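To keep things clear, I will list the structure first and then write my remarks on it.
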Amino acid sequence: MAAREGGRGLATITVQEAATVMQQDSAIQPGASQWIGKPLRRLEDQKLLTGRGRFTDDVELPHEAHAAFTRSPHAHAKIAAIDTAAARAAPGVLAVYTGADIIAAGLAPVPFTQLHKRPDGADMTVPPRRALSADVARFVGDAVAMVVAQTRDQARDAAELIEVDWEPLPAVADLPTSASGKGPVVWQPAFTPEYGNIAAIYRMGERAPSDAAFAAAAHVVKLRVVNNRVVANPLEPRALAAQFDPASGRFTLYCPTQNTHTVRGQLAKVFKLDEGMLRTVCTDLGGGFGARGYAYPEHAALCFAARALGRPVKWRADRSENFLSEVHGRDSVTEAELAIDSEQRFSALRIRTLANIGAYASNFGACVPAMSGVRAPTGVYAIAHIDHEVRMLFTHTGPVDAYRGAGRPEMGYLLERLVSRAARELGADPIALRLKNMITPAQMPYKNPAGQTYDCGDFAKVLKEAMAAADWDGFAARKAAAAKRGLLYGRGLACYIEITGSARVTEAVNLSVEADGTVTLVSGTQQIGQGIQTSYAQIVAELLGVPPEAVRVIQGDTDVAKAGGGAGGSRSLQVGGSAALVGSRKLIEEGKALAAKELEAAAVDIEFAAGRFRIAGTDRSIGLAELAAKQPGRRIGITHSETVNGQTWPNGCQICEAEVDPDTGLVRLARLAAVDDVGRVMNPLIAEGQVHGGMMQGIGQALMEQSVYDETGQLLTGSFMDYAMPRADLMPELATGFDESVPSALNPLGAKGVGEAGCHGAMPAVVNAVLDALAERGVAELDMPLTPEKVWRAIRRGA
């Protein structure tokens, strides 16, 4: 096994050898490549690091006004009356709007995605999520009025003058009470005595075979885990700038979003317009993490105000407003059982999950708990039977939606906690137990009990490579050294697999070459900080024989990129990158036909290499830019739509070592190693950055992050004074790498998703390491986050 230069990580074979796995008519050949597979620094960073980025709040529109919102201080309350007189009379105020104005204007509620049914098989019924709530507020932060004024400060001051006559109602904030059928009701049409505040239910597997496997099991491992609620907290606060053109009847909305086309489509439904009557623009984006992939009520409210006033309206949230009103992530409680036979083979898995979707159904809110994650409930293990149920429940808390991994890390966390618990209860070696139960390459393609097919993977190989990266055999010495310092020391590991690419498997590109040599790629994906602009430039540069700096990538404008799936589910490279690859080939073929005319030769005799078209066997040639200059418009352009053959299954393994101070409960991560199979790596620098960032988010959730509501539905963690974020000094020594030996055949790049893997593996690896350290003090289980106080109290109880 060879190590790559520059600390890139692990590779078991060369990328040239890996390429032979792919079909020769569609596979790239990166072994001889100039740019693909190279650690090129991100082209977009220079602008951002020198302060030349343009974010939504930097957008200045002529005669723009500013908005501010009045939000509910109650988790559940009837709006008996709203007095806006003082606000309307305040300096600079142009208008004050309430939910009654929204209803009078005929705006529809913000739509959501319905994936699952109710227990009786009926479609979901949800409380209407309007631009402004008109009758009842259902969570602290629910917007009930909007002030528009000449300046931001004037709008904020006037919003505080609005007086609402509240009639507080009982609230439910926790999952067990919401599910009991005996607590407060969030939305009466959805409530049932048996299921409580049920939004939807998911069931998978046949109970009888699972029950039989459990009855025959030699050992059953049981576990209850809480996946704590977290907040995405992108660096850029939420911001909007809306404009309406009365002449055309058309809206333009600037917003930080992962998917301009989804926002456009949802707002078109709110305003009951054709999508062509809205333009959505995303300039530079300061982070997404799943929370920025769709429209919010504020999107509709700003557009409504811009149309009503006939002038642009702008809004920027402060950080506390973000905590209140931007969607949260995770938040579930799961009880699970793993059946194990006499040969220590896993035979069945039973899962019961309660998932919190908050007060309203956000875009993917009622999908995420039983969407991507439930497609791989058995992970990398050959488990024949599953009995899986997820209940998605309303509560009087902020809406919950996608957060990095969107259900996959939750499932991976549960499974790897179970497997580690099984190893401890059985007295088995945790590596041997995993290897015994892993799906083998010979079983590929493998159909799991959830009906999903893994196309490829060598899970045992990746695990062994992670062991080498983690210096597995050196653990005992490090543990002994920690003990001499009075510290507890443990090791945890996690193997994982996840589906990536999202359900949107088609992406189109417009690709053109100008006479000056500039290449322009227009894509409906979205740059959100993941470096996709650079990866696209490398692909196009490789094929067209131009430097990556000559490739201009345009995204984030629905008037330019007419359609697209945006960024989400680690889809951009495998879907959008495949479109860029095949589109580049199409442009070359178009160029060959044009070059044949210029060179007076047959198209079949034209070759293309290093940016030049040449008649085979001669020295007669013409450069790509030179050929473009001879065309009408002085350019060559093509449009190409590429549909890949399915979603991919990246997988990996993380191993963590952690030390615990028994006197304070403080956890310090000593080492963290990861090896990931993400297919073919286009840019190792970007890929490692994605893994490292995901690791940090996973560490944050494991050790400190938690959004907390009290029993009345009041948010207790509404600022960075109360909500802890991971810092750079929390990151331990890292050893990360990639195994490229099994590229996916489902797309021409051979790529698999990389954006969420780090988060998926870090949570269980970190928690398993801490629990391993605490085992000698009698501590068997703890739920995230593993704060010093929680760990200290557990040690005292265990001792």
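The values are calculated or read from the model by the stated rules, or taken from the named source; none is laboratory data. These figures come from a predicted structure and were not determined experimentally. As a convention, Cβ positions derive from the backbone with ideal geometry for all residues, glycine included, and neighbour counts pool all protein chains shown. When the accessible area is computed, the model is the full protein with side chains, heavy atoms only, and any ligands, DNA or RNA have been set aside. Shrake-Rupley method; radii C 1.70, N 1.55, O 1.52, S 1.80 Å.
Can you tell me the relative contact order of the chain? Whole percent, Cα pairs under 8 Å, sequence separation 6 or more.
Worked out over the chain, it gives 16 percent.
Once the other residues with Cβ under 9 Å from the Cβ of PHE244 are scored (Lys, Arg +1; Asp, Glu -1), what is the net sum?
Value of the local net charge: +2.
Could you derive backbone 3J(HN,Hα) for region 524-531 from the dihedral phi with the Karplus parameters 6.51, -1.76 and 1.60 (θ = phi - 60°), listing whole Hz in sequence and x where the residue is Gly or Pro?
Working through the residues one at a time gives x, 7, 9, 6, 10, x, 8, x Hz.
Could you order peptides 733-746, 71-84, 230-243, 595-608 by the average number of other Cβ atoms within 10 Å of their residues, highest first?
Ranked from most to least packed, the peptides come out as 733-746, 230-243, 71-84, 595-608.
What shape does region 292-431 take by its C-alpha gyration tensor, where a ≥ b ≥ c are the square roots of the eigenvalues and a/c under 1.5 counts as rounded, a/b above b/c as prolate, and the rest as oblate?
Cα axes put region 292-431 in the prolate bin.
In terms of modelled amide H atoms, which long-range or inter-chain residues lie less than 5 Å from the amide H of ALA95?
Result for ALA95 returns VAL148.
Only four residue types carry charge here, +1 at the Cβ of Lys and Arg and -1 at the Cβ of Asp and Glu. Report the dipole size of the chain about the Cα centre in Debye, rounded to the nearest 20.
260 debye
Could you sort out which of LYS447/LYS752; LYS461/LYS752; LYS461/LYS484; LYS78/LYS182; LYS479/LYS790; LYS47/LYS586 sit more than 25 Å apart by Cα distance in this structure?
Going by Cα-Cα distance, LYS461/LYS484; LYS47/LYS586 fall outside the 25 Å limit.
Counting only heavy atoms of the protein chains, get the accessible area per residue of the chain (1.4 Å probe) and round it to a whole Å² value.
Using a 1.4 Å probe on heavy atoms only, each residue of the chain averages 36 Å².
Placing unit charges on C-beta atoms (Lys and Arg positive, Asp and Glu negative, everything else neutral), compute the dipole magnitude of region 348-439 about its Cα centre in debye, rounded to 20.
140 debye
Determine the dipole magnitude for region 460-607: charges of +1 sit on the beta-carbon of Lys and Arg, -1 on that of Asp and Glu, nothing else is charged, the reference point is the Cα centre, and the result goes in debye to the nearest 20.
1340 debye
Taking the Cβ of LEU175 as the centre, find all other residues whose Cβ is under 10 Å away and add up their charges (Lys, Arg: +1; Asp, Glu: -1).
That sum, taken over residues with Cβ under 10 Å, equals -1.
Rounded, prolate or oblate, given the Cα gyration tensor of the chain, with a/c below 1.5 counting as rounded?
Oblate, since a/c reaches 1.5 and b/c is not below a/b.
Can you run the Rg to Rh ratio on region 88-151? Use alpha carbon positions and the Kirkwood inverse-distance Rh.
Here Rg/Rh amounts to 1.14.
For the modelled label position 7 Å from the Cα of LYS630 along Cα-to-Cβ, which residues of region 513-528 have backbone nitrogen atoms closer than 20 Å?
Under 20 Å, as judged by backbone N against the label point of LYS630, lie 513-519 of region 513-528.
Please list, in order along region 361-375, the HN-Hα scalar couplings obtained from phi with the Karplus expression 6.51 cos²θ - 1.76 cosθ + 1.60 (θ = phi - 60°), rounded to whole Hz, x for Gly and Pro.
After applying 6.51 cos²θ - 1.76 cosθ + 1.60, I find 7, 6, 3, 9, x, 8, 9, 3, x, 9, 10, 5, x, 6, 7 Hz.
Ranked highest first by average number of other Cβ atoms within 10 Å, how do 507-517, 41-51 line up?
507-517, 41-51
Listed highest first by mean packing, meaning other Cβ atoms within 10 Å per residue, what order do 674-683, 195-204 come in?
674-683, 195-204
How many nm is it between the label spots at ASP123 and ASP211, if each spot is 7 Å from the Cα in line with the beta carbon?
Simple spin-label model gives 3.4 nm for this pair.
Can you list residues from other chains, or at least 5 along the same chain, whose modelled amide H is less than 5 Å from the amide H of ALA65?
VAL313, LYS314
Could you state the number of Å between the C-alpha centres of region 574-591 and region 316-356?
39 Å
Calculate what fraction, in whole %, of the accessible area of the chain sits on carbon and sulfur atoms when a 1.4 Å probe is rolled over the protein chains.
52 percent
Using every alpha carbon pair in region 717-760, what percent of pairs falls into each 10 Å bin from 0 up to the bin containing the largest distance?
Spelled out per bin, shortest first, that is 18, 33, 23, 18, 8.
Under 5 Å between amide H atoms, partner at least 5 residues away or on a different chain: which partners does ALA670 have, H built in plane at 1.01 Å?
GLU657, ALA658, GLU659
Under the definition of Cα pairs under 8 Å and six or more residues apart, what whole-number percent is the relative contact order of region 472-606?
So the answer I get is 26 percent.
Among residues other than GLY591 whose Cβ falls under 12 Å from its Cβ, what is the net charge (Lys/Arg +1, Asp/Glu -1)?
That sum, taken over residues with Cβ under 12 Å, equals +3.
Just from its helices, what would the mean residue ellipticity at 222 nm be for the chain, if runs of 4 or more DSSP H residues each count -39500 (n - 2.57) and the sum is divided by every residue, rounded to the nearest 500 deg cm²/dmol?
Value at 222 nm, helices only: -8000 deg cm²/dmol.
How large is ³J(HN,Hα) for each residue in region 290-298, as worked out from phi by the Karplus curve 6.51 cos²θ - 1.76 cosθ + 1.60 (θ = phi - 60°), to whole Hz, x for Gly and Pro?
Computed from phi, the couplings for region 290-298 are x, 7, 10, x, 6, 7, 10, x, 5 Hz.
I'm a student and want to see the number: the projected area of the Cα convex hull of region 663-799, averaged over all directions, in nm².
If I average the Cα hull's projected area over directions, I get 11.0 nm².
Find the centroid of the Cα atoms in region 532-565 and in region 127-159, then give the distance between the two in whole Å.
Each part reduced to its Cα centre gives a spacing of 39 Å.
How much accessible surface does ASP57 have with a 1.4 Å probe, in Å² rounded to 10?
Per-residue accessible area (ASP57): approximately 60 Å².
Just name one of VAL509, CYS495, VAL519: the one whose Cα is farthest towards the positive end of the charge dipole of region 469-525 (beta-carbon charges, Lys/Arg +1, Asp/Glu -1).
Farthest along the dipole direction, towards plus: CYS495.
Find how many whole Å separate the alpha carbon centroid of region 663-714 from the alpha carbon centroid of region 455-498.
If you average the Cα positions of each part, the centres end up 16 Å apart.
With point charges of +1 on the Cβ of Lys and Arg and -1 on the Cβ of Asp and Glu, referenced to the Cα centre of region 661-740, which listed residue (LEU730, LEU669, GLY679) lies farthest in the positive direction of the dipole?
GLY679
Using Cα pairs under 8 angstrom and six or more residues apart, how large is the relative contact order of region 350-468, in percent?
About 30 percent, as a whole number.
Projecting each Cα onto the charge dipole of the chain (Lys/Arg +1, Asp/Glu -1 at the beta carbon, about the Cα centre), which of PHE394, VAL419, ALA537 comes out farthest on the positive side?
VAL419
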